[in-house]
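Report on one structure; see the data block that follows.
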Protein chains: 2
Amino acid sequence: MSGTSGTAAGDTAVIAVDLGGSSMKGAVVSETGRTLATETRVTPQVEVVDALVGLVRHLSDLAAEHGHPVAAAGIVTPGMVDEATGTVLYASNLDWRDVPLLDMLRARLDFPVAVGHDVRAAGLAEQLLGAARGSRDFVLVPIGTGVAAALVTGGHPITGALGAGGEFGHIPVVPGGELCPCGQRGCFEVYASGGGLARRYAARCGVDRSSREIVARLGSDALADVVWADAISVLAQGLAILTLLVDPRVIVIGGGFAQAGETLLAPARERLAGLLAWRDRPEVVQSQLGGEAGRIGAAILAFRAAGRGALVDDWSVASVPA
Amino acid sequence: MSGTSGTAAGDTAVIAVDLGGSSMKGAVVSETGRTLATETRVTPQVEVVDALVGLVRHLSDLAAEHGHPVAAAGIVTPGMVDEATGTVLYASNLDWRDVPLLDMLRARLDFPVAVGHDVRAAGLAEQLLGAARGSRDFVLVPIGTGVAAALVTGGHPITGALGAGGEFGHIPVVPGGELCPCGQRGCFEVYASGGGLARRYAARCGVDRSSREIVARLGSDALADVVWADAISVLAQGLAILTLLVDPRVIVIGGGFAQAGETLLAPARERLAGLLAWRDRPEVVQSQLGGEAGRIGAAILAFRAAGRGALVDDWSVASVPA
């Protein structure tokens, strides 16, 4: 109960949840940035807020059992999020429209709550603790099944008029190109995402393979080589667009796609440099926090909601193991 | 000398210059926002700073002759501008690299000087006085011979790590597309700019026509119709990219191209809406300040440099005639 060491009972903790369309990734995070416990649950089809509150209460009980008083909760969600009011204006994979999530959670939880955007929160985590540490101008591009981006300029994330900034996955990059599940054609993520890679491969040979399997077949499977080359090409085009518009010092690639490491990054860097006429390319690096970035960002928002954001300044990457 | 009316002798004035590759557009602007005098000179091939200082001194003498003490000068330039230090890192059409313009001007002028970026200053003017009045999230896209953009998010312009944000004209929108004078292929301004329209028309029929002439021939010249349709299509694609990335409330189209008015704006709005899957399109409107926006922005920067930026709050569009 002394509170002197990083994980000692008595340390204040927060509850952090990265709410997604398929899973709710929750954690108890101590004031030194240590993840004390995690729990991931399937996101239900209906009554998502009930399930979310249940997960937060469970983690809160767990923290209390171990002697950690809970100071706040931070919840991050996908979609168009108005962070000033904590309203999710639209989230396709939760089937939400105008959900006043912050108000709903405040009514049911007896500690402060913060609501944020999953990718912008991940960007905040990479900025404070990860691959963009110390940078005021960077972009985080998590490439998983789909693609999003946190665009940070002058130290602040680009939120936009409707909380919808950073929809990088759906920028039109190939006029009249292949159909995207969103209904448009030629979106970035049609070509340069895990889902896109798998769909394009299957459409050409009738065999379902994951993007990881496709990457593993590079050099021995001509079709894998083709869809991968297209992905690199479109990735470089998209990064050139980001570079020219927001001029980041560093581009951080995250998500499952980034696990390809230099197989992805080395050709992406080279192609990006080739697409820039009069300027050097920014650094292109792999995310350091990976899939944990959203949850860590949620914990940071929670400590800020508790008026203890300064604690985060003492966190280090080592203290927030994935 | 009473200083009671907008243009009375005795009112403090500033010198504003919009420095471009072909011309230096200077003005004396009073503290009520009135343009008291203008002078435009050809930008010389060499010794540009000497010529710039000459123009500022001439306008300063003119102001003094009419009884207006000069409080400051504001100079805006194209290129990559580090506004914190007033250094032009790179400006292709001035053939400048790492020019410490602010320091050079301070050494030779005996009043405060501000150095800014031409398009971001134009955005500031549209935000305070023009078509984006009151908006914290908007983009200004001046489409002339070439294309640039001022991207404003949360009330602040996106400057970027190297002062190079907003290079909208050179984002790659058509993979492997037509060659741009910048050396890349498929840049936005290859298709959707005055220069691009004229070049594409001439390349197809061997006849040189200005973009204004091409627009005048719409409906009676099949080739004009074709290059115009391509321009609208690429414009909509580019605006969709801006919308998805920075989520502006309003898109302001400026430059000579905007003079086509609804011939440009009506189809651009419709095509833009068609490229957005799950969200409404932002407003798309014509610039109110036109080619004067950069010079007005320079005057605003000058009043700020003189510690009198608050004066600008009382300006109205009517007080800053083009």
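Checking each residue in the stretch A:165-202 for being buried (at least 24 other Cβ atoms within 10 Å of the Cβ), touching an Asp or Glu at 6+ places or on another chain (Cβ under 6 Å) and not aromatic (Phe, Trp, Tyr) picks out A:165, A:169, A:190, A:196. Somewhere in the stretch B:90-113, is a residue modelled with pLDDT under 95 and under 19 Å from residue B:293 (Cβ atoms)? Yes: one or more hits.
Here is the figure for the stretch A:148-176: residues that are farther than 15 Å from residue B:240 by Cα, more than 7 Å from every other protein chain (Cβ to nearest Cβ) and in a loop (DSSP other than H, G, I, E, B) total 4. Kindly indicate the residue of the stretch A:277-299 that is at pLDDT below 95 and farther than 30 Å from residue A:102 by Cα and also farthest from the other protein chains (Cβ to nearest Cβ) among those meeting that condition. Per the criteria, the residue is A:280. When residue B:266 is tested against (1) over 27 Å from residue B:176 (Cα atoms); (2) in contact (Cβ under 8 Å) with a residue 40 or more places away in the chain; (3) among the hydrophobic types (A, V, I, L, M, F, W, C), just one condition goes unmet, and that condition is (2). For the stretch B:155-179, enumerate the residues that are free of Cβ contacts under 8 Å to residues at least 12 places away in the same chain and either under 28 Å from residue B:127 (Cα atoms) or among the hydrophobic types (A, V, I, L, M, F, W, C) (or both). Of everything in the stretch B:155-179, those that are free of Cβ contacts under 8 Å to residues at least 12 places away in the same chain and either under 28 Å from residue B:127 (Cα atoms) or among the hydrophobic types (A, V, I, L, M, F, W, C) (or both) turn out to be B:156, B:160, B:161, B:179.
For the stretch A:232-256, enumerate the residues that are farther than 14 Å from residue B:166 by Cβ, of a type outside the set (Ser, Thr, Tyr) and in a helix (DSSP H, G or I). A:232, A:234, A:235, A:236, A:237, A:238, A:239, A:240, A:256, listed by residue number.
Within the stretch A:201-223, does at least one residue satisfy the condition of being within 14 Å of chain B (Cβ to nearest Cβ), within 30 Å of residue B:273 (Cβ to Cβ) and modelled with pLDDT of 95 or more? So far as the stretch A:201-223 goes, no, none of its residues is within 14 Å of chain B (Cβ to nearest Cβ), within 30 Å of residue B:273 (Cβ to Cβ) and modelled with pLDDT of 95 or more. Out of B:109, B:128, B:140, B:102, one residue alone is assigned by TED's automatic domain parsing to the domain that holds residue B:195 and more than 17 Å from residue A:278 (Cβ to Cβ). It is B:140.
Whenever a residue of the stretch A:16-32 is farther than 13 Å from residue A:54 by Cα, its partners that are assigned to a strand (DSSP E or B) and basic (Lys, Arg), lying with C-beta atoms within less than 6 angstrom and at least six residues away or across chains, give the pairs A:18/A:25. Checking B:252, B:234, B:246 one by one, the residue that is crowded, with 23+ Cβ neighbours inside 10 Å, in contact (Cβ under 8 Å) with a residue 40 or more places away in the chain and out of contact with any strand residue (DSSP E or B) (no Cβ under 7 Å at 6 or more places or on another chain) is B:234 and no other. Selection within the stretch B:124-147: residues that are within 11 Å of another protein chain (Cβ to nearest Cβ) and not β-branched (Val, Ile, Thr). The member of this set that is surrounded by the fewest Cβ atoms within 10 Å (Cβ to Cβ) is B:136. Taken over the stretch A:37-51, the residue count meeting the criterion of being of a type outside the set (D, E, K, R) and farther than 18 Å from residue A:27 by Cβ is 5. Could you tell me whether the stretch B:274-285 includes any residue that is within 16 Å of the chain's Cα centre (by Cα) and not in a helix (DSSP H, G or I)? The answer is yes; a qualifying residue exists.
Residues that are touching a Pro at 6+ places or on another chain (Cβ under 9 Å), farther than 18 Å from residue B:168 by Cα and not polar (S, T, N, Q) occur at least once in the stretch B:276-289.
The values are calculated or read from the model by the stated rules, or taken from the named source; none is laboratory data. As the structure is a prediction and not an experimental result, all values here were calculated from the model. Glycine also receives a Cβ, built like all others from the backbone with ideal geometry; neighbour counts cover every protein chain displayed.
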